[in-house]
Structures are given as structure tokens and as C-alpha cells.
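For reference, the structure discussed in these notes is given below.
Coordinate-derived values only; no laboratory data. A quick note: this is a predicted structure, and the numbers were derived from the prediction, not measured. Virtual Cβ from ideal backbone geometry, glycine too; neighbours counted across all protein chains shown.
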Amino acid sequence: MAYIALKSFVGLRQSSPEKNAIVLFKPTTVSTTFRHRRFRINASKSSPRVNGRNLRVAVVGGGPAGGSAAETLAKGGIETFLIERKMDNCKPCGGAIPLCMVGEFDLPLDIIDRKVTKMKMISPSNVAVDIGQTLKPHEYIGMVRREVLDAYLRERAATTGATLINGLFLKMDLPQSKNAPYVLHYTDYNAKTGGSGEKKTLEVDAVIGADGANSRVAKGINAGDYEYAIAFQERVKIPDDKMKYYENLAEMYVGEDVSPDFYGWVFPKCDHVAVGTGTVTHKGDIKKLQIATRLRARDKIEGGKIIRVEAHPIPEHPRPKRVLDRVALVGDAAGYVTKCSGEGIYFAAKSGRMCAEAIVEGSENGKRMVDESDLRVYLEKWDKTYWPTYKVLDILQKVFYRSNPAREAFVEMCADEYVQKMTFDSYLYKRVVPGNPLEDLKLAVNTIGSLVRANALRKEMDKLSV
Ligand SMILES: Cc1cc2nc3c(=O)[nH]c(=O)nc-3n(C[C@H](O)[C@H](O)[C@H](O)COP(=O)(O)OP(=O)(O)OC[C@H]3O[C@@H](n4cnc5c(N)ncnc54)[C@H](O)[C@@H]3O)c2cc1C
């Protein structure tokens with residue numbers, strides 16, 4: 001579907017070229033873990049050795065980005081501190097994760113509430129299309145509760161050697177000279193000083209900002225702002241017979257009523273469903289949009305009791321700056337949520353891991369000081385790997401979420417098995433899947449047909465509303 005030509009993409013910016021890096025040998029293979037290192041030498045390898053201790057890195061924020069960054073750092077020989085303000089944090093989130101995350105991050109199956117194998121895409125006029133028919137028997141979308149996933153990743157980081165600090169990061173003093181430490185100020189809730197905590201400082205050589213959409217680390221390096229959506233979600237406990245319907249099924253609702261620029265969802269969890277919606281353009285109307293989403297699903301959630309109400313910003317694109325000196329941003333702090341699907345958990349965990357790998361490699365397992373060029377290795381790898389994914393989803397959002405007739409066309413297209421296969425393969429395995437030329441051509445004709453019908457319908461509707 002990438003052949004639909006549109007305005008230039010505003011997603012991932014190309015990172016600036018690595019400063020100071022002298023690549024003496026071109027890598028022959030690209031490794032995914034630091035266990036299989038790339039054969040490359042750059043200028044940072046002449047950086048000073050850290051004597052009498054290992055490199056110290058603070059990871060601020062213990063969500064999926066922070067947990068996986070801390071685990072990788074600690075495994076790689078770095079003295080790692082993971083600062084999380086709330087150890088039982090329930091991050092407002094739909095909790096849908098792709099199958100590849102389960103394998104790549106070695107997640108135990110008992111932290112997955114539901115394995116979704118059926119997805120209903122529901123149009124503005126309530127035409128429902130079943131997608132997921134092309135899934136193989138072992139394929140599914142995982143549904144997790146964030147308090148469970150995040151705690152698991154943090155604990156795993158601790159077992160590999162990271163020091164967990166239950167603390168609220170406040171600010172950091174930047175180093176005044178090359179290789180001087182960053183001084184982090186935080187309120188420590190580990191200390192036995194009651195609920196108010198104790199003010200403390202921590203000296204480290206590098207910092208990973210994994211503190212989400214309202215990142216204080218990003219502010220600390222003047223990383224700049226991004227546009228954001230506001231997403232709203234209610235956890236609804238529904239009667240057992242209704243829950244049966246959602247056992248392995250999720251729903252996505254599209255329409256001006258549920259969101260002018262996003263979608264509404266009903267995602268199944270262990271003993272409840274998560275009902276939510278989001279918008280960039282109509283943030284003030286978010287509660288109205290939520291009521292509309294609930295109304296659309298009313299027959300299926302009737303008799304339900306709202307047990308939790310939550311809302312949070314979702315970044316729309318990366319921040320202008322993601323690395324500065326020895327500080328790097330990952331996950332939502334960097335702005336890595338995809339358009340169209342609003343997916344960010346996998347990208348948070350993956351960026352945390354990639355950034356940590358770059359630090360482990362650059363520091364030769366914690367023995368040397370790192371500099372900006374080491375951290376930029378992560379940015380370049382990230383942009384190269386994921387730029388196509390962000391671009392395709394950005395285009396899809398622009399084409400199909402712009403009017404109700406376009407949304408009807410989108411749902412109609414979703415009935416196509418080829419579209420389903422391409423969409424699920426891209427989502428589950430996180431790659432933009434190369435298509436079959438003949439099927440692509442058929443799809444192009446069908447897409448144009450659907451869009452022409454959508455436009456014709458819109459014109460008719462415009463006439464009616466005059
Ligand atoms: C309503 C909603 C639904 C969503 N649904 C999905 C979905 O179904 N699937 C999907 O993939 N993505 C979804 N997303 C996006 C996803 O939630 C994020 O992309 C993901 O959580 C990013 O992970 P992170 O680790 O970067 O940041 P976060 O998960 O935000 O974690 C940041 C952590 O930092 C901590 N922290 C923040 N500030 C400080 C501080 N000053 N000091 C110490 N600790 C701090 C927080 O307590 C938190 O634990 C959804 C988002 C929303 C809002």
C-alpha cells in the first residue's frame with residue numbers, strides 16, 4: 001500500500017551523521033545482540049578507560065523502554081541504576097503486543113492475559129469485517145496488563161544486576177567538563193522516611209531517558225516538543241457470558257463519532273475489557289468520543305461496571321533531539337509510537353535495548369567512557385530499521401482516517417485476505433512485508449475503486465447536508 005503518493009512524511013527524522021566517528025572497518029554483518037558484536041572500531045574506543053569501577057548508567061523510568069534498557073546494560077557489565085517513581089504503576093494502555101515481542105524479549109506466557117486471534121474492524125455504519133483469518137495456528141496478538149508486564153521486566157533487570165531505585169527523578173546537572181559525571185537529583189522512596197521520601201543525588205557517566213511522554217530527561221537536554229494525541233481508556237468488568245465473546249477477540253471501531261483521527265477499541269484482559277479511544281485534533285472532546293465508543297459497543301458490554309478510568313498522552317512523532325552528549329531518549333520519551341495503530345510498547349522495549357547495546361559496545365562492556373558518537377550508533381540503527389514502518393502507517397492514517405466514507409473504504413479493504421495477511425505479518429513480525437506484485441496490482445485497483453466510491457459517497461453526503 002506504500003504506492004499511495006502523499007505529502008512528505010513527518011515521522012522519524014534522519015539523524016545527523018555521527019560526529020567524530022572514524023569507521024576503519026565496514027561491518028560485514030549486522031548483529032541484533034551485543035553477544036554477536038559488529039566488527040567495527042570507532043573513535044570512542046580511544047576514549048579513556050574508567051578505572052577502579054565500571055561505566056555507570058542511570059535509566060530514568062521503569063516502563064518497557066527502561067526495563068529492557070536496564071536489563072541489557074546490566075548483562076553487558078555496566079553499573080546500572082533504574083529509577084522508577086511508582087513500582088506498581090498501571091500505565092494507561094491497551095496492552096496489545098505483537099507476537100515477535102514474546103519471542104524477542106523472552107516473555108513468559110503467564111504474563112499474557114489473552115491471545116487474540118480474531119479482530120473485528122467496525123466501520124462508521126457498523127459494518128463489521130473479521131480479520132485474522134490468515135493467522136497461522138501459533139500466531140496471535142498478546143494482551144497484557146501493563147502493571148504486570150512492566151513489573152516483570154524491571155524485576156528481570158534487577159536479577160541481572162541492575163539496582164532498582166523507587167524514586168522520582170527531579171532534574172539533572174549537566175557535566176561541566178568532558179567525562180565529568182551527570183548529577184541526578186531525585187526523591188528516594190526506598191528510604192524509611194515515610195511517604196514524602198528523601199532528597200538524594202546520584203552521579204553517573206551516561207543517562208537513558210525512558211520516562212515516557214512527559215519526560216523530564218528530555219526537558220533536561222532541551223530535546224524539544226512533539227505533537228501528541230490524548231488517549232482515554234476505561235477498564236470495564238463485564239458479565240461472564242459477555243466476557244466469553246471477547247475471549248480471544250478484539251474490536252476496533254472507526255468513525256467520526258469515536259475519533260476524528262484515530263480509532264476506538266475494545267481489548268480483552270484477564271477479567272475485564274479495556275474500552276478506549278484517542279485523538280490529536282479534538283483533545284477537548286475526548287470524553288464525548290469515549291462515550292461514543294462505549295455506545296458503539298453497548299450490546300456487548302451491557303451490564304458492565306467501570307473499574308478504572310485512565311488517560312495519557314501518546315507522542316505523534318519523534319522529538320527534534322533524541323541524543324545529546326551522553327544522554328539518549330528511548331520509547332515514548334523519544335516519540336516512537338506509530339501513527340494509525342498507536343502502537344508503542346514493542347518500540348519502547350526495542351529502542352531501550354538498542355540504545356543499551358550501543359552503550360555496552362561503545363564502552364567495551366563498561367570498561368571505557370562513552371561519548372555522543374557511541375549513542376548515535378543506536379539512532380542510526382533505529383532509523384534505518386524502522387523508518388519504513390513509520391512511513392507506511394503515517395500514509396495509511398492520512399488516507400483512511402480522514403472522513404467516514406474513507407473509513408468505510410478502509411474497512412471494506414480489510415475484508416481482502418491479502419490485505420489481512422500483509423497487515424498481520426507487518427504487525428506481528430515488525431517488518432514491512434514485501435508484497436506479491438500481482439496481488440499488489442489487484443489491491444491497488446481495489447484501493448482506488450474503494451476510494452473513488454468513498455469520494456463519490458462523500459460528495460453525495462455533502463450535497464445532502466447543504
Ligand atoms: C490509552 C493508551 C492505550 C495504548 N495502547 C497501546 C497498545 O495497545 N499497544 C501498544 O503497543 N501501545 C499502546 N499505547 C502506547 C504505549 O502505552 C506506550 O508507547 C508505551 O507505554 C511506551 O513505553 P515507555 O517505557 O517508553 O514509557 P512508559 O510506559 O510511559 O513508562 C515510563 C515510566 O517512567 C516512569 N516515570 C515517568 N516520569 C518519571 C520520573 N520523573 N521519575 C521516575 N520515573 C518516572 C513512569 O512511572 C513509567 O513507569 C497506548 C497508550 C495509551 C495512552
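The table below gives the values:
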read-out: Distance (nanometres) between label positions extended 7 Å along Cα→Cβ at ASN190 and THR385; value: 3.0
read-out: Rounded FRET efficiency, nearest 0.05, which uses the C-beta distance separating ASN126 from LYS86 and R0 of 41 Å; value: 0.55
read-out: Protection-proxy order for peptides 77-88, 280-291, 221-232, each taking the mean of Cβ atoms within 10 Å per residue, highest first; value: 77-88, 221-232, 280-291
read-out: Total formal charge among the other residues, if their Cβ is under 12 angstrom from that of ILE141, Lys/Arg +1 and Asp/Glu -1; value: 0
read-out: Protection proxy ranking of 373-385, 62-74 - average other beta-carbon atoms within 10 Å, highest first; value: 62-74, 373-385
read-out: Segment 155-279 shape via C-alpha gyration tensor axes, a/c threshold 1.5; value: prolate
read-out: Distance between modelled label sites at LYS136 and ASP285, nm, 7 Å Cα→Cβ extension; value: 4.3
read-out: Segment 228-315: C-alpha gyration tensor shape, a/c 1.5 cut-off, then a/b vs b/c; value: prolate
read-out: Burial ranking of peptide ranges 114-123, 200-209 (average Cβ count within 10 Å, highest at the top); value: 200-209, 114-123
read-out: Formal net charge of residues neighbouring GLU203 (Cβ-Cβ distance under 13 Å; K, R +1; D, E -1); value: +1
read-out: Potential extension, ASP173-GLU247 segment - 0.36 nm per residue separation minus Cα distance; value: 21.7 nm
read-out: Listed residue pairs exceeding 25 Å between alpha carbons, taken from LYS391/LYS430; LYS136/LYS305; LYS237/LYS421; value: LYS136/LYS305; LYS237/LYS421
read-out: Under 11 Å, Cβ to Cβ, from PRO175 - net charge with Lys/Arg +1 and Asp/Glu -1; value: -2
read-out: Difference of contour (0.36 nm per residue) and Cα-Cα distance, ASN222 to SER46; value: 60.5 nm
